[in-house]
Amino acid sequence: MPENTRLTRMLEPWRGAPESDVVPTDVDVHHRRKGAAGLEAVAVSMNRGIAQMGPARTLNTLRRLNQADGFDCMGCAWPDPDPEHRSFAEFCENGAKAVAEEATKRRADPGFFARHAVSELATWSDFQLGQQGRITEPMLLREGGTHYEPVTWGEAFGIVAEEMQALASPDEAVLYTSGRASNEAAFVFQLFARAFGTNNLPDCSNMCHESTSVALAETIGIGKGSVSLEDVHEAELVIIAGQNPGTNHPRMLSALEKCVKGGGKIVAVNPLPETGLMKFDNPQTLKGLTGVGTDLADEFLPIRLGGDLALFQALGALLVERGAVDQDFVDRYTTGFETYKRHVQDLDWDLVLRATGLERSQIERVADLLAGSSKTVFCWAMGVTQQKHAVSTIKEITNVALLQGNIGKPGAGLCPVRGHSNVQGDRTMGIWEKLPAHFAEQLRLEFGFTPPKERGHDVVNSIRALQENRVKVLIGLGGNLAAATPDSELVHEVIRSVSLGVQVSTKLNRTHVLPGRRMLILPCLGRTEKDITAEGWQGLTVEDSMSQVHLSVGRNQPAGPMLRGEPWIVCRMAEAVLGDGPEGSSIDWAVMAEDYTRIRHHIGHVVPGCDAYDEKVQRPGGFTLPHPPRDSRVFETASGKAEISSVPIELLEAPEGHLVLQTLRSHDQFNTTIYGHDDRYRGLAGGRNVVMVHPDDITALGLRENELYDVVSEWVDGSERVAHGFRVVSYPTARGCAAAYYPECNVLVPLDHVADASNCPVSKGVVVRFEPLGSCGRIDCDPESRVRSGSDQGNRSDVEPHHLS
Ligand SMILES: Nc1nc2c(c(=O)[nH]1)N[C@H]1C(S)=C(S)[C@@H](COP(=O)(O)OP(=O)(O)OC[C@H]3O[C@@H](n4cnc5c(=O)[nH]c(N)nc54)[C@H](O)[C@@H]3O)O[C@H]1N2
Ligand SMILES: Nc1nc2c(c(=O)[nH]1)N[C@H]1C(S)=C(S)[C@@H](COP(=O)(O)OP(=O)(O)OC[C@H]3O[C@@H](n4cnc5c(=O)[nH]c(N)nc54)[C@H](O)[C@@H]3O)O[C@H]1N2
Ligand code: SF4
Ligand SMILES: [Mo]
């Protein structure tokens, strides 16, 4: 695109052009951006804010975002600097977008639900559903009903009680949590499940960093990262694998910039040359605003999907070969080194190069950087965790860190970057289908009942249980199970088999329009809003990706007088279902519902590392949870030492005529909430039904650039799944690999395609082929209108011819 047009586009947001609700019909393909953030990001932030909230509310809300006396960003889990080091605008474009979505003035009120039948809403796209604004009253879809109707809170809880009390077994209930829930809400939610008698507590983590939790618990004794923000600033080397921070954790770029300015080096490992890994135009500096930013990655490894296991094993082998090992650390704190040494001495380099698609010299250069660094931070996210061999891969990353003693010293460590703003906190609070014995015991001591011991369902097993009719009540504390899960067609069908669905939600989504016999939507307050109960103004607490726990207090007027805080909703629901609770127990639901301090007192008694919880969270900036490896190089594993693992290299290759597909996020969405149809940094605008394919693969597969195809995934049992009408665009991804957006492509991920040991759906390794549009012969596949199936019906994708730089 000519520069002057680009400038016009950049300035467009300042004119306050509101993002249209109308689903666009054209996709424009522009140049990929060379740097992330900059003036354009500021403009987009302000535009989205003004379009959803108006100017006054935008300024008033954004100035409290991530401030010590304000509310925590509901975007990602990246941490905030110390209160004394925070700037007046301590947020990024995506934080501003998340706030705008929540603090919007749009309303999905009872009038809206009266106008639109559920069957009609089911034909809307995810974008259209989300853009209707905040739900304002509890809504019920009665048995045989066509429309949601308003109900009182009392009536709603009465229905939940009636259905849950009628269950043949507590395990017929499943209680799902999305990672935005506060610690208080999460704590009472797991208490509710366990007092009711089930450990069926799946959460979004099961589809996200579960592989991390499993691998790190086994190797270092705790399933969390070991770094602080200062460690990233002070590192000599940061390796970022399988993560797109420019879009998904944008303020991480400020930390990387600090690192680079202090002399640190950055290595990016990714099949895609993601803009945010290459250059950062810091919008808080004049240079950044004018596009003179900071170059980030010193080394970029365009790895093939699933190649990280081989890469990190090769890096470990090279460190051992060169003697670049911290032998003192290895001897004192680890076990398994001798076996590992023998294992990597036999490294099959041909296999490594095939698995990674890299050249040996590229891997050697990174080994040089590692050998020359006395403190390295290892970051990773979904590109690593959503793989079949994710747990082994993370063990391999941990090996490399352990070889050089990079755990438990400043400027170094493991940094799995979490997704949802409080996903880590929810797990700390006990949202887990596996209830640890010590946690069960603390619950017993505190509340006087014996929690169930049996392992509950995670997300994938919940779907299997739904499939087998073993679930009758499905409650969601936030989230959008129908759209976030794999195998969309199957899930959409089985999710409707329940007697009662209950969703605690802020906004309308796919799950609400796939009801079972009855469905309740319970509208809750968001983080920006004042939560005032009978006992006064309540605050909430959250934990970020680096184990910092702090308060979050909303100050906006609630979106409606009927809204209640999540902890209140959960406590009142539990009270209605359980009354005084199980035999012999005493759970003060009514008190906790009105006074969240009371919940924090219980947290302090039950949750490890949280003693004097309520007191510690009141401090500005809160407190940091203990992390034995980080704090004192104590590893609470089976052997009492950090485990260096020897695992085989696995190869992820598609058969001839096929590609391996990853499903990923655009710059204009938060998971299943679609903010808009642009993926600015990747240069794609106006539509989402796009598959990015390397130009040589386009030729090799006999495809035509910019044509529409049916994408067909193949699974080992011979079953096939189809995503209809996706446009193939030429994109510099690794050879043999392709990329398309989540959740539109979830239809392609087989439910049984899960990571070993963590059961995380393999969203980044699906074998696909391309068929001419409509060749599947399905009646609902209409090539004329280019309507496709999946979760986003009605969203069309017409990509203009393009010229990617
Ligand atoms: N704006 C915004 N922010 C978000 C979210 C959002 O949807 N929007 N979601 C939040 C959540 S819940 C999460 S979990 C995080 C997700 O944050 P990310 O993990 O950054 O999310 P993805 O878009 O899934 O991107 C995965 C990245 O890994 C790369 N990748 C894929 N496969 C491989 C592989 O095999 N090897 C390597 N080395 N790289 C690979 C992809 O090219 C892509 O750059 O973001 C959080 N923050
Ligand atoms: N194919 C594929 N599938 C994936 C992924 C992928 O990369 N590829 N990523 C996976 C990952 S990492 C994750 S984390 C999951 C995400 O799975 P989920 O967490 O289930 O999905 P979200 O889209 O984050 O949930 C959005 C909904 O939450 C509700 N909501 C928003 N704010 C609030 C609030 O404050 N309170 C309450 N109660 N509700 C609120 C709104 O109604 C909104 O529609 O998806 C997973 N699925
Ligand atoms: S980096 Fe994440 S937490 Fe921070 S402002 Fe941006 S979206 Fe919010
Ligand atoms: Mo996530």
Within the stretch 504-534, name every residue whose backbone N is under 15 Å away from a label modeled 7 Å from Cα of Ala590 along the Cβ vector. 534
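Using only the Cα atoms of the stretch 598-638, build the gyration tensor, take square roots of its eigenvalues as a ≥ b ≥ c, and label the shape rounded, prolate or oblate: rounded if a/c is under 1.5, else prolate if a/b is larger than b/c, else oblate.
oblate
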With the cut-off at 1.5 for a/c, could you classify the stretch 335-417 from its C-alpha gyration tensor as rounded, prolate or oblate? rounded
Among beta bridges that DSSP assigns inside the chain, antiparallel share in %, nearest 5: 45
Taking 0.36 nm per residue of sequence separation and subtracting the Cα-Cα distance, how much length would be gained by fully extending the chain between Asp331 and Ser775, in nm to one decimal? 153.8 nm
In nm, spacing of pseudo-spin labels at Asp69 and Trp349 (7 Å Cα→C-beta vector): 6.3
Which translational diffusion coefficient, to the nearest whole µm²/s, is obtained for the stretch 103-210 from the Stokes-Einstein equation, given a Kirkwood hydrodynamic radius over C-alpha pairs, 10 °C and 1.306 mPa s? 97
Can you list the HN-Hα couplings for the stretch 49-54, worked out from phi with the Karplus curve (6.51, -1.76, 1.60; θ = phi - 60°), rounded to whole Hz and with x for Gly and Pro? x, 5, 4, 8, 10, x
Residues Trp537, Trp153, Trp78 in order from fewest to most other beta-carbon atoms within 10 Å are Trp537, Trp153, Trp78
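What full-extension length gain, to one decimal in nm, is calculated for Arg115 and Ala371 as 0.36 nm per residue of separation minus the Cα-Cα distance? Present the calculation step by step, with values, prior to reporting the outcome.
On the way: separation 256, 0.36 × 256 = 92.16 nm, distance 6.50 nm.
Going from the current span to full extension adds 85.7 nm.
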Where the centroid of each part is defined by its Cα atoms, how far is the stretch 292-335 from the stretch 453-475 in Å? 39
On a full-extension model of 0.36 nm per residue, what is the gain between Ala56 and Glu615, subtracting their alpha-carbon distance, rounded to one decimal in nm? 197.8 nm
Is the shape of the stretch 210-416 best called rounded, prolate or oblate, per the rule: a/c under 1.5 gives rounded, else a/b larger than b/c gives prolate, else oblate, with a ≥ b ≥ c the square roots of the Cα gyration tensor eigenvalues? prolate
Counting pairs of Cα atoms in the stretch 668-738, how many percent are more than 15 Å apart? 62
Burial order of peptide ranges 441-449, 129-137, 219-227 (average beta-carbon count within 10 Å, highest first): 219-227, 129-137, 441-449
Could you tell me the calculated FRET efficiency between Thr533 and Arg704, based on Cβ-Cβ distance and R0 = 56 angstrom, to the nearest 0.05? 0.40
Cα coordinate range in the stretch 536-588, projected on the principal axes (Å, largest first): 38, 34, 19
Can you tell me the alpha carbon radius of gyration of the stretch 593-686 divided by the globular rule-of-thumb value 2.2 N^0.38 Å? 1.88
How far apart, in nm, are two points set 7 Å out from the Cα along the Cα-to-Cβ line at Arg517 and at Thr152? 2.5
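Which of the pairs Lys434/Lys764; Lys453/Lys641; Lys279/Lys530; Lys409/Lys616; Lys341/Lys453; Lys258/Lys641 have their Cα atoms more than 30 Å apart in this structure? Can you show the working numbers first?
On the way: Lys434/Lys764 25 Å; Lys453/Lys641 28 Å; Lys279/Lys530 38 Å; Lys409/Lys616 25 Å; Lys341/Lys453 40 Å; Lys258/Lys641 33 Å.
Over 30 Å apart, Cα to Cα: Lys279/Lys530; Lys341/Lys453; Lys258/Lys641.
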Cα atoms only: what Rg and Dmax, in Å, come out for the stretch 627-784? 19.2, 64
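Add -39500 (n - 2.57) for each DSSP H run of 4 or more in the chain, then divide by its residues: what number comes out at 222 nm, to the nearest 500 deg cm²/dmol?
Details: 33 runs with 276 residues, N = 805.
About -9500 deg cm²/dmol.
When ranked by the protection proxy of mean other Cβ atoms within 10 Å per residue, highest first, what sequence do the peptides 364-370, 541-547, 663-669 form? Please report the intermediate quantities before stating the final value.
Values: 364-370: 18.4, 541-547: 26.9, 663-669: 23.3.
Ranking, from highest mean packing down: 541-547, 663-669, 364-370.
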From zero outward in steps of 5 Å, how is the percent of C-alpha pairs of the stretch 254-370 spread across the bins? 2, 10, 17, 17, 16, 14, 11, 7, 3, 2, 0
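Under 8 Å for C-alpha pairs, at least 6 residues apart: give me the relative contact order for the stretch 262-368, rounded to a whole percent. It would help to have the intermediate numbers written out before the result.
Numbers: 116 pairs, mean separation 31.5, N = 107.
Normalised by residue count, the contact order of the stretch 262-368 is 29 percent.
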List, in order, the whole-Hz ³J(HN,Hα) value for each residue of the stretch 393-404 obtained from phi through the Karplus relation with A = 6.51, B = -1.76, C = 1.60 and θ = phi - 60°; use x for Gly and Pro. 4, 5, 5, 5, 5, 4, 3, 4, 5, 5, 3, 9
For the stretch 370-419, what are Rg and Dmax over the alpha carbons, in angstrom? 11.3, 32
Under Karplus coefficients 6.51, -1.76 and 1.60, residue-wise ³J(HN,Hα) of the stretch 370-382 in Hz, glycine/proline x: 5, 4, x, 9, 8, 8, 10, 10, 10, 10, 8, 8, 5
5 Å is the cut-off here: which amide hydrogens, built 1.01 Å from N in the peptide plane, fall below it relative to Val238, excluding neighbours closer than 5 in sequence? Lys265, Ile266, Val267, Val377
How far apart, in nm, are two points set 7 Å out from the Cα along the Cα-to-Cβ line at Ser361 and at Arg107? 6.6
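Mind ordering 354-360, 241-247, 586-592, 321-327 by average Cβ neighbours within 10 Å, highest first? Walk me through the numbers before you get to the answer.
On the way: 354-360: 19.1, 241-247: 25.6, 586-592: 17.4, 321-327: 14.1.
Ranked by mean Cβ neighbours within 10 Å, highest first: 241-247, 354-360, 586-592, 321-327.
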Once amide H atoms are placed 1.01 Å from N in the peptide plane, what residues at a sequence separation of 5 or more from Ala36, or on another chain, have their amide H within under 5 Å of its amide H? Lys279, Phe280, Asp281
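Between Gln165 and Arg322, take the C-beta separation as r, use R0 = 60 Å, and let me know the FRET efficiency to the nearest 0.05. Working shown, then result.
On the way: r = 66 Å, r/R0 = 1.09.
After rounding, the FRET efficiency stands at 0.35.
Please give the per residue volume of the convex hull enclosing the alpha carbon atoms of the chain, rounded to a whole number of Å³. Spell out each step's value before the answer.
Working: hull volume 117.0 nm³, N = 805.
It is 145 Å³ per residue.
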Taking the C-alpha atoms of the stretch 432-509, how large are the radius of gyration and the largest Cα-Cα span, Dmax, in Å? 15.0, 44
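Values in this text are rule-based calculations from the coordinates and carry no lab data. Quick caveat: nothing in here was measured; it's all calculated off a predicted structure. All Cβ positions, glycine included, derive from the backbone under ideal geometry; neighbour counts span all protein chains shown.
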